[in-house]
Amino acid sequence: MRKILLAALFVSVSAIISCSEGSKKPDHESAKSENTEDCETSTIKDPNEVKPMALMMRTMADYCDTMRLKINKGEKVDSIAFPLMPFWSAEPTDSSVLETLFFDNAIIIQNAWRKLMSSPENQAANYTAVVDACVHCHSSYCSGPLRRIRKLKLDYKAE
Ligand code: HEC
């Protein structure tokens with residue numbers, strides 16, 4: 001019994017290792033790979049250095065991935081499964097973003113998010129307004145993730 005358990009453990013550990021190695025892209029492949037989502041000015045690559053604002057952004061992007069699929073299937077989304085992330089009060093990688101235009105954009109997305117969650121009707125249109133708000137702020141502040149954000153649109157088709 002012990003041997004079987006050990007064997008199973010070994011298999012799963014090596015599967016995890018090979019999986020994470022397999023997902024790494026070789027350096028010579030396009031400098032801007034799918035996984036490059038940092039802001040263009042950001043040079044921080046150490047995962048321990050990821051700031052709270054960046055983490056909340058990743059969570060929001062993950063939420064949108066899921067919401068997109070649900071809304072396209074006609075399922076409802078709500079703020080229990082997808083709470084609004086208070087990223088505007090979290091520490092950013094580059095504190096120079098914390099200016100009036102940034103906070104104005106943050107208010108736009110807060111309103112769009114609340115509208116999406118508070119009205120079960122028109123979720124497609126209200127979700128589109130949320131993604132437009134992501135794009136709007138990212139056009140001013142952090143253009144790196146725009147490619148990822150475009151994939152959050154309801155009608156995005158993988159090529
Ligand atoms: C008010 C402006 C603003 C809005 C709105 C906004 N972002 Fe961001 N986003 C930023 C800034 C600034 C950063 C850089 C954060 C940092 O590095 O600390 C960022 C970073 C990101 C990142 C990269 C995080 C990483 O891994 O380093 C992703 C992905 C992202 N945003 C997705 C989204 C999505 C999806 C939305 C909409 C649901 C959104 N953003 C809305 C300003 C905004």
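The values are calculated or read from the model by the stated rules, or taken from the named source; none is laboratory data. Note that the structure is a prediction, hence the values are computed from the model and not measured. Quick reminder, even Gly has a Cβ in these numbers, built from the backbone with ideal geometry, and neighbours come from all protein chains shown.
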Of (1) exposed (fewer than 12 other Cβ atoms within 10 Å of the Cβ); (2) more than 9 Å from the ligand (Cβ to nearest atom), Leu101 satisfies every one except (2)
Among (1) assigned to a helix (DSSP H, G or I); (2) modelled with pLDDT under 95; (3) near the ligand (Cβ under 10 Å from one of its atoms), Ala54 falls short only on (2)
Among (1) part of a helix (DSSP H, G or I); (2) within 14 Å of the ligand (Cβ to nearest atom), Lys153 falls short only on (1)
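Under the condition of being in a helix (DSSP H, G or I) and near the ligand (Cβ under 6 Å from one of its atoms), which residue from the stretch 138-150 is nearest to Thr128 (Cα to Cα)? Don't jump to the end; show me each part of the working.
Within the stretch 138-150, the subset in a helix (DSSP H, G or I) is 138-141, 146-150.
Now restrict to residues that are near the ligand (Cβ under 6 Å from one of its atoms): 138, 141, 148-149.
Numbers: His138: 15, Tyr141: 20, Arg148: 15, Ile149: 11 Å.
The extreme case among them is Ile149.
Please find, within the stretch 60-94, the residue that is nearest to the chain's Cα centre (by Cα) out of those that are of a type in the set (S, T, N, Q) and in a helix (DSSP H, G or I).
Going through the stretch 60-94, the residues of a type in the set (S, T, N, Q) turn out to be 66, 72, 79, 89, 93.
In the following step, the residues that additionally are in a helix (DSSP H, G or I) were identified as 66, 72, 89.
Numbers: Thr66: 10, Asn72: 18, Ser89: 18 Å.
Once the filter is applied, the top-ranked residue is Thr66.
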Taking the stretch 102-149 and keeping only residues that are within 20 Å of Arg58 (Cβ to Cβ) and of a type in the set (Lys, Arg), one is left with Arg147, Arg148
Original post:
Does Leu116 qualify as being more than 9 Å from the ligand (Cβ to nearest atom), of a type in the set (A, V, I, L, M) and within 16 Å of Met85 (Cα to Cα)?
Top reply: yes
Only unsatisfied item for Tyr63, checking (1) more than 8 Å from the ligand (Cβ to nearest atom); (2) in contact with a Phe, Trp or Tyr (Cβ under 6 Å, 6 or more places away or on another chain), is (1)
